[in-house]
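Novice: Got a structure here, written out as structure tokens. Questions coming.
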Amino acid sequence: MTSEVFLAILPEDVRGITKIMNKLIEKKILVALTGGGTAGHVIPHLALLPEFRKKGWDVTYIGSNSIEKELAINAGLDFYEISAGKLRRYISFRNFFDLFKVLLGFFQSLMFLLKKRPDILFSKGGFVSVPVALAAWILKIPVISHESDITPGLANKVIALFATKILCSFPETTRYLRNKNSFYVGSVVRQELFDGTKDVALSLCGFSKEDHPSVILVIGGSSGALRINDALLTTLPDLVKRFRVIHITGKGKGIDFAHPRYKAFDYVRDELKDLFALADFIVARSGSNSIFEFLALRKPMLLIPLEIGSRGDQVLNALSFSEKGWAHILRETALTKDSLLREINHLVENAASIRTQQQKFTVEDVCTKIFAHIEEVLKV
């Protein structure tokens, strides 16, 4: 006898009580999130949070003692800290010590997942996520991971071996993954970034409302970019003659320059949407999450991809955007005072055509796409 038939033959008042009791004992879906030690691996998770909460799902975060811990806790998430060791593609004595950190992180993740028994693990890749994803797979917890860059990082290459699904920001990425369950969904853009106010930004920066030059926002990622900071310092005396400059330097990476048209922040969080609203042009690294946000906001951008000491993922991201007419590129190896000034001027001169190409990009509801994959796996 099915539960529906059983309920139908009960008296009405008993049926009501039974339905209430079933609701009370109904298990809530629990989603475990994991990232990779940087803000870039956490921010997409935070963009998905409103949808998780709207569905009434519980969410927990497994990560390292880094900026991800601060961001996750500030977002109201339960945070479980594990040991983290970095996976490197090159020979280093640190690989030996980090192997033990990874093993410890694996056993910590295994114990936590055994205790909590989440219904699914959603990963953003990054070195922290590998032991967590492996522990989930051993416990037969479905793993979905999202890859932001064109070429998958080492972490997602490992996770792809056993993940239920790999989701991608760039359509090109699927051909680099052997996992047949890889799908292009796009990059999550935080909706609050569309709600910025120029007047708030003017007040934050202390800029005069009577002074109306264009605004350049220079940002080197959550931890800043010393090479960009150093090159910018040499160009600022020239730039402030024509522009107002907002500079997000990175914590502890400020530069010594004072001018009414220059404002530096070491790090911003809630204020970022207002700074974006005020910015006419952006000079930045080419981390995937950021550049898709600039694109969605229709901001002409000069990208200076991390190249020295990198696996080259940011270079490929920037080249993809350049080929589509969405951005200009200045290679880090060619970054000087003269080249930076020249490329900023070139960006300003071509801003109209860049915006025209950016308008052809459709800003999709990527959250809905991701949740469709999650719900398909959960069968809800």
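Computed from the coordinates by the stated procedures, all read-outs in this text should not be read as laboratory data. Source: prediction; values computed, not measured. Quick reminder, even Gly has a Cβ in these numbers, built from the backbone with ideal geometry, and neighbours come from all protein chains shown.
Novice: List the pairs from 253/324; 55/165; 124/273; 124/251; 165/253 whose alpha-carbon separation is above 28 Å, in the order I gave them.
Specialist: Beyond 28 Å: 253/324; 165/253.
Novice: Fewest first, what order do 122, 265, 292 take by the number of other Cβ atoms within 10 Å?
Specialist: Ranking 122, 265, 292 by Cβ neighbours within 10 Å, fewest first, gives 265, 292, 122.
Novice: Give me 346, 212, 41 ranked fewest to most by other Cβ atoms within 10 Å of their Cβ, as a rough exposure proxy.
Specialist: 212, 346, 41
Novice: Further question: Out of residues 5 or more away from residue 183 or on other chains, whose amide H comes under 5 Å of its own, with H placed 1.01 Å from N in the peptide plane?
Specialist: 166, 167, 168
Novice: In debye, nearest 20, what is the charge dipole magnitude of the stretch 288-380 about its Cα centre with +1 on Lys and Arg Cβ and -1 on Asp and Glu Cβ, if you could check?
Specialist: About 180 debye.
Novice: Sticking with this one: Which of the listed residues, 108, 146, 305, is farthest toward the dipole's positive end in the chain, when Lys, Arg count +1 and Asp, Glu count -1 at the beta-carbon?
Specialist: Final value for the positive-end residue is 108.
Novice: Additional query: Magnitude of the Cβ-charge dipole of the stretch 106-229, K/R +1 and D/E -1, about the Cα centre, nearest 20 debye?
Specialist: For the stretch 106-229, the charge dipole is close to 820 debye.
Novice: When the Karplus curve 6.51 cos²θ - 1.76 cosθ + 1.60 is applied with θ = phi - 60°, which whole-Hz ³J(HN,Hα) does each residue of the stretch 162-177 get, with x for Gly and Pro?
Specialist: With coefficients 6.51, -1.76 and 1.60, one gets 9, 5, 5, 8, 10, 9, 10, 7, 9, x, 5, 5, 4, 7, 8, 9 Hz.
Novice: Output wanted: per-residue J couplings in Hz (rounded whole) for the stretch 370-375, from phi through Karplus 6.51 cos²θ - 1.76 cosθ + 1.60, θ = phi - 60°, x for Gly and Pro.
Specialist: Karplus values, whole Hz, x for Gly and Pro: 5, 5, 4, 5, 4, 5.
Novice: Could you list which residues have their amide H under 5 Å from that of residue 264, counting only those 5 or more apart in sequence or on another chain, with H placed in the peptide plane?
Specialist: 247
Novice: To continue, here is another question. Please find, in a Gaussian network model of the chain (springs between Cα atoms separated by less than 10 Å), the residue of 99, 217, 30 whose mean-square fluctuation is greatest.
Specialist: Among 99, 217, 30, the largest GNM mean-square fluctuation belongs to 99.
Novice: Rounded to the nearest 20 debye, what is the charge dipole size of the stretch 191-359 about its Cα centre when +1 sits on each Lys and Arg Cβ and -1 on each Asp and Glu Cβ?
Specialist: It works out to roughly 160 debye.
Novice: What are the ³J(HN,Hα) couplings of the stretch 229-241, residue after residue, when phi is run through the Karplus curve with 6.51, -1.76, 1.60 and θ = phi - 60°? Round to Hz, x for glycine and proline.
Specialist: Result, rounded to whole Hz: 4, 5, 5, 5, 4, 6, 9, 4, x, 7, 5, 5, 6.
Novice: Continuing with the same structure: Looking at the stretch 191-359, send over the antiparallel percent of its DSSP beta bridges, to the nearest 5.
Specialist: 5
Novice: Let me check against my output: what whole-number percent is the relative contact order of the stretch 191-359, with C-alpha pairs under 8 Å and at least 6 apart?
Specialist: 23
Novice: A follow-up question, please. Just to compare against my own numbers: the Cα pair-distance distribution for the stretch 191-359, 5 Å bins, whole % per bin, please.
Specialist: Percent of Cα pairs in each bin: 2, 9, 19, 23, 23, 16, 6, 1, 0, 0.
Novice: Also: Sticking with the crude label model, points 7 Å out along Cα→Cβ, report the distance from residue 78 to residue 114 in nm, one decimal please.
Specialist: Going by the 7 Å Cα→Cβ label model, 1.8 nm.
Novice: Also, I was wondering about something else. Among residues other than residue 145 whose Cβ falls under 10 Å from its Cβ, what is the net charge (Lys/Arg +1, Asp/Glu -1)?
Specialist: Around residue 145, the charge tally is +1.
Novice: Can you give the convex hull volume per residue for the Cα atoms of the chain, as a whole number of Å³?
Specialist: Value for the chain: 168 Å³ per residue.
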